[in-house]
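Structure first, then comments.
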Amino acid sequence: MVDSRPLFLGPRLRRLRRELGLTQAEMADDLGISSSYVALIERNQRPATANLLMKLAQSYDIDIAELAQEGAATRERLTAIMRDPVFDGAGIPSLEIEDFAASFPATAEAMLRLYSAYEKGQEALTDRTLSGDEAVSDPVFAVREFLSENRNHFDGLEGAASRVTRALPEADTVRAAMTARLRGHHGLRVRRLPAHVLGGSLRRYDRHRSEVLFADRMDGASLTFQTALQIVYLEMADDLDRLTADIFTQPAAEELARRALANYAAAALIMPYERFRKEAEARRYDVEALARHFAVSFEQAAHRLTTLQRPGEEGVSFFFIRVDPAGNVSKRLDGAGFPFARYGGACPLWSVHSVFRQPRRIVTQWLELPDGARFFSIARTVTAGGGSWDTPIVERAVALACAASEAGRLVYADGVDPKRVAATPVGTTCRVCQRTRCAARAVPPLGRDILPDDYHRPGPALNLAEG
């Protein structure tokens, strides 16, 4: 649809004239118009005509399309920040934002910088309030940052895993091939023993007796993963060391990172990148179907989906979180740019916290952050442990989510228009979420004064879009 509104170029024309070092009279001579007309255009009291635009292009060799659209990015950014609940009640119409961006571009840019500084200040305040000096001393935080900076994808490990996979002998299953590799290439005997014999361990490598011992209570997926993990430590140790060398200041952080990367490599052995990505696309990211196809657990398949970020061969960008019934976050991986809280749990309105009431059922949900960004989430409970009467079972919930714009690639979003569906308004955590009208709020947002009000109590405004 053609935009028929008059085009006002005032501030942009004024900036162009000053960049060229011209007076209004000099520009008027170049364009064949009066200096008073230039002054009227610069004050947005006259729109720019098509004839004037052609003269500007001819006289100064500029791209008129760029000049006309120069304020569009600023206008879009202003519109986005105005969605922040901190501006609730201001009632700023979109036309006013458009006029402000067009008429006062420098002031608009200054406002955007101020908002950016506000966001950083809120983040710093949150860190100081919730963690004190933990950001400096917490090795878990350091490893999470390391994984996030790499978007949880390590192509060097993918290549190393591919090299090992090609060296595996032919066998009916991946586990059988890896077991044969341990026996034939490393000369290791593989045995399964009761857990109490292993002192509660799931896996033990006995270098002196040349054997690898596995607890017999493990299910098939866990046994396959532990077998792969042992091969990683035997054949990819140098790759792990290279990736973690000279990055961390704390030995504990380096060791945690090495473990995380070893787990990554083990998953790459069981679910090779090219095969897994093609199956994911073919099955439209049906996590349960992928888990059955590769003989892995739901959590292992979901975790692997977060790593498909190879340039030119990307899958859907997911982020992943795992929580327990108390809301403690035991794992989180970001491949989709979701603003996780550095400390504390996630928003209680997110279905990952409520799926404990519906064990092993996949629950879908559309999420909307305070800045208007939308995501699509699936959540389900998973269990760990068990395998014998005296072994406790741990129940957790995991969630995978992607940008709403990518949800159409997932089987779970079939028949839904992301632009029309109602979304649950969520935040990062209560401390940094500025949505004051939320029935699930646990604490007041940082930086907001609690004002006395003896006369009324505003009600919540919730929209829980959960399927």
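Look at region 137-178 and say how many of its residues are part of a loop (DSSP other than H, G, I, E, B), surrounded by fewer than 17 Cβ atoms within 10 Å (Cβ to Cβ) and not aliphatic (A, V, I, L, M).
Result for region 137-178: 5.
Among (1) touching a helix residue (DSSP H, G or I) at 6+ places or on another chain (Cβ under 9 Å); (2) not in a helix (DSSP H, G or I), which single condition is residue 252 missing?
Result: residue 252 passes all but (2).
Filter region 396-418 for residues that are more than 20 Å from the chain's Cα centre (by Cα) and modelled with pLDDT under 95; which is farthest from residue 288 (Cα to Cα)?
Looking at residues that are more than 20 Å from the chain's Cα centre (by Cα) and modelled with pLDDT under 95, I get 417.
This table checks each residue for (1) out of contact with any Gly (no Cβ under 7 Å at 6 or more places or on another chain); (2) farther than 29 Å from residue 356 by Cα.
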site: 261; (1), (2): yes, yes
site: 287; (1), (2): yes, no
site: 309; (1), (2): no, yes
site: 318; (1), (2): no, no
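Among 159, 220, 200, 184, which is the only one that is over 26 Å from residue 299 (Cβ atoms) and of a type in the set (Gly, Ala, Ser)?
The unique qualifying residue is 184.
Within region 208-222, work out how many residues are open to solvent by less than 10 Å² (accessible area, probe 1.4 Å) and under 16 Å from residue 173 (Cβ atoms).
The total comes to 1.
Is there a residue being open to solvent by less than 40 Å² (accessible area, probe 1.4 Å), among the acidic types (Asp, Glu) and either at pLDDT 85 or above or under 30 Å from residue 139 (Cβ atoms) (or both) anywhere in region 328-335?
Scanning region 328-335 turns up at least one residue that is open to solvent by less than 40 Å² (accessible area, probe 1.4 Å), among the acidic types (Asp, Glu) and either at pLDDT 85 or above or under 30 Å from residue 139 (Cβ atoms) (or both).
Any idea which residue in region 365-382 is surrounded by the fewest Cβ atoms within 10 Å (Cβ to Cβ), counting only those that are in a strand (DSSP E or B) and of a type in the set (A, V, I, L, M)?
382
Being open to solvent by less than 40 Å² (accessible area, probe 1.4 Å) and part of a loop (DSSP other than H, G, I, E, B) is the filter; apply it to region 179-197 and report the residue that is nearest to residue 265 (Cα to Cα).
So, considering only residues that are open to solvent by less than 40 Å² (accessible area, probe 1.4 Å) and part of a loop (DSSP other than H, G, I, E, B), the one nearest to residue 265 (Cα to Cα) is 188.
Any residue in region 282-295 that's assigned to a loop (DSSP other than H, G, I, E, B) and among the charged types (D, E, K, R): show its pairings with residues that are modelled with pLDDT of 95 or more and open to solvent by 10 Å² or more (accessible area, probe 1.4 Å) at Cβ separation under 7 Å, as long as the two are six or more apart or on different chains.
283/289; 284/409; 284/411; 286/411
Among the numbered conditions (1) open to solvent by less than 50 Å² (accessible area, probe 1.4 Å); (2) farther than 23 Å from residue 179 by Cα; (3) in contact with a Phe, Trp or Tyr (Cβ under 8 Å, 6 or more places away or on another chain); (4) modelled with pLDDT of 95 or more, tell me where residue 266 comes up short.
(2)
Within region 383-415, can you find the residues that are surrounded by fewer than 18 Cβ atoms within 10 Å (Cβ to Cβ) and within 16 Å of residue 297 (Cα to Cα)?
Of everything in region 383-415, those that are surrounded by fewer than 18 Cβ atoms within 10 Å (Cβ to Cβ) and within 16 Å of residue 297 (Cα to Cα) turn out to be 383, 384, 385, 386, 387, 393, 394, 395.
Can you tell me which of (1) surrounded by fewer than 21 Cβ atoms within 10 Å (Cβ to Cβ); (2) modelled with pLDDT under 95 is the one residue 362 doesn't meet?
It is condition (2) that residue 362 fails.
Can you tell me which residue among 128, 113 is within 30 Å of residue 441 (Cα to Cα), part of a helix (DSSP H, G or I) and at pLDDT 75 or above?
113
Just to be sure, is residue 403 more than 16 Å from residue 287 (Cα to Cα) and in contact with a strand residue (DSSP E or B) (Cβ under 9 Å, 6 or more places away or on another chain)?
In short, yes.
Just wondering, is there one or more residues in region 245-252 that are crowded, with 16+ Cβ neighbours inside 10 Å, within 18 Å of residue 150 (Cβ to Cβ) and not small (Gly, Ala, Ser)?
Within region 245-252, one or more residues are crowded, with 16+ Cβ neighbours inside 10 Å, within 18 Å of residue 150 (Cβ to Cβ) and not small (Gly, Ala, Ser).
State the number of residues belonging to region 205-218 that are part of a strand (DSSP E or B) and more than 15 Å from residue 183 (Cα to Cα).
Counting residues in region 205-218 that are part of a strand (DSSP E or B) and more than 15 Å from residue 183 (Cα to Cα) gives 1.
Quick check: anything in region 229-244 open to solvent by less than 60 Å² (accessible area, probe 1.4 Å) and in contact with an Asp or Glu (Cβ under 7 Å, 6 or more places away or on another chain)?
Within region 229-244, one or more residues are open to solvent by less than 60 Å² (accessible area, probe 1.4 Å) and in contact with an Asp or Glu (Cβ under 7 Å, 6 or more places away or on another chain).
Among the residues of region 271-298, write down those that are under 21 Å from the mean Cα position of the chain (by Cα), crowded, with 22+ Cβ neighbours inside 10 Å and more than 14 Å from residue 161 (Cβ to Cβ).
Listed by number, the residues that qualify are 280, 285, 287.
The values are calculated or read from the model by the stated rules, or taken from the named source; none is laboratory data. This one's a predicted model, so the numbers in the text were calculated from it and none came from an experiment. As a convention, Cβ positions derive from the backbone with ideal geometry for all residues, glycine included, and neighbour counts pool all protein chains shown. To get the accessible areas, we keep the full protein, side chains included, count just its heavy atoms, and leave off ligands, DNA and RNA. Shrake-Rupley method; radii C 1.70, N 1.55, O 1.52, S 1.80 Å.
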